[in-house]
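Before any comments, here is the structure.
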Amino acid sequence: MSHEGLRIASKDEQARDDQASEPLPRIATTPEKVRVLMTEGKGLEIDWADGHKSAWGFAWLREACPCANCVDERAQQGRKTGQPKPKPAAVLPMYTPPPKPASAHAVGRYAIQFNWADGHSAGIYSWEFLRRVCQCRECTFVATDTTGTPN
């Protein structure tokens, strides 16, 4: 809840926010193997140096773009990272092709950048960002509280 720019958070919310801002160990954010499955149209797979494996679909990655414009748009709409935009109600819905990158390339030793087929290419997906938003069953279970609602 907020009032005039102030955010009031419970102790549990504050503890989760503090934990989310703590840096991850280097071994957890160092990829051993990165696979961008463009031909198959599947998504991104990473095997991490600590033995963990992560995978994301292209649609999720496009909706989770970490560029400033996309982060701001999600915040204004109240959407979470990776959550799709609401579809407008229409009598005859228009077909939109699923998100797919036209290309992908490494950004130094710390990130990957996609040039999306829709022309967007501003997002730089750091290894730490990708590890924090891992979609595997183990990580999404940890990110869910005991009531079954996402944190």
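The values are calculated or read from the model by the stated rules, or taken from the named source; none is laboratory data. It should be emphasised that the depicted structure is a prediction, and the values quoted were computed from it without experimental measurement. FYI the Cβ positions are ideal-geometry reconstructions off the backbone, even for glycines, and counts take in every protein chain you see.
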| said: If I ask for residues that are closer than 27 Å to Thr29 by Cα, in a loop (DSSP other than H, G, I, E, B) and touching a helix residue (DSSP H, G or I) at 6+ places or on another chain (Cβ under 8 Å), which ones from segment 80-122 would you list? | reply: Lys80, Thr81, Gly82, Gln83, Pro84, Pro99, Lys100, Tyr110, His120, Ala122
| field | Selected residue (only one of Tyr110, Tyr95, Tyr125 is among the aromatic types (Phe, Trp, Tyr) and modelled with pLDDT under 95) | value | Tyr95
| query | Just a yes or no: is a residue in segment 45-62 closer than 23 Å to Leu24 by Cα, of a type in the set (Phe, Trp, Tyr) and out of contact with any strand residue (DSSP E or B) (no Cβ under 7 Å at 6 or more places or on another chain)? | reply | yes
| message | Tell me yes or no: at least one residue of segment 21-37 is assigned to a loop (DSSP other than H, G, I, E, B), under 19 Å from Gly123 (Cβ atoms) and at pLDDT 95 or above. | response | yes
